[in-house]
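> So that we are looking at the same thing, I have put the structure below in structure tokens.
The values are calculated or read from the model by the stated rules, or taken from the named source; none is laboratory data. What you see is a predicted model, and the numbers here were worked out from it, not measured in a lab. Using ideal geometry, Cβ is built from the backbone for each residue, glycine included, and neighbour counts are taken over all protein chains shown.
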Amino acid sequence: MDTLEDLYYGNLFPHKKCAKLDDEVKELLKLLNRNEEKLTATLTESQKETFEKYKDCNREISEISERDAFINGFRLGARIIIDVVNN
């Protein structure tokens, strides 16, 4: 794992993470949970297992995308600082 990934995962500064969710995100999460409950209530056990696998894959893709966006943003910030210092 490289330094930026360690920073992203909190390995360099191990402290409690406090994520503040704005009202829009909170409402979307409520809607997501409500719709998931409605959907899973209609599924067979086999379909529920498939849906769980789908959610796991989706979660993993999101984590990878968020990590990459974090690293790219950090690198851009570093390039901006280097440019400012050199000019």
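> Would you point out the residue of the stretch 25-46, among those that are part of a helix (DSSP H, G or I) and surrounded by 11 or more Cβ atoms within 10 Å (Cβ to Cβ), that is modelled with the lowest pLDDT?
Applying the filter and picking the extreme gives VAL25.
> I'm told CYS57 meets every condition in (1) part of a loop (DSSP other than H, G, I, E, B); (2) modelled with pLDDT of 85 or more except one. Can you identify the failing condition by its number?
Status for CYS57: all satisfied but (1).
> Is there a residue being free of Cβ contacts under 8 Å to residues at least 60 places away in the same chain, touching a helix residue (DSSP H, G or I) at 6+ places or on another chain (Cβ under 8 Å), more than 19 Å from GLY10 (Cα to Cα) and basic (Lys, Arg) anywhere in the stretch 50-70?
No: the stretch 50-70 contains no residue that is free of Cβ contacts under 8 Å to residues at least 60 places away in the same chain, touching a helix residue (DSSP H, G or I) at 6+ places or on another chain (Cβ under 8 Å), more than 19 Å from GLY10 (Cα to Cα) and basic (Lys, Arg).
> Taking the stretch 72-87, which residues are at pLDDT 90 or above, among the hydrophobic types (A, V, I, L, M, F, W, C) and surrounded by 11 or more Cβ atoms within 10 Å (Cβ to Cβ)?
The answer is ALA78, and nothing else.
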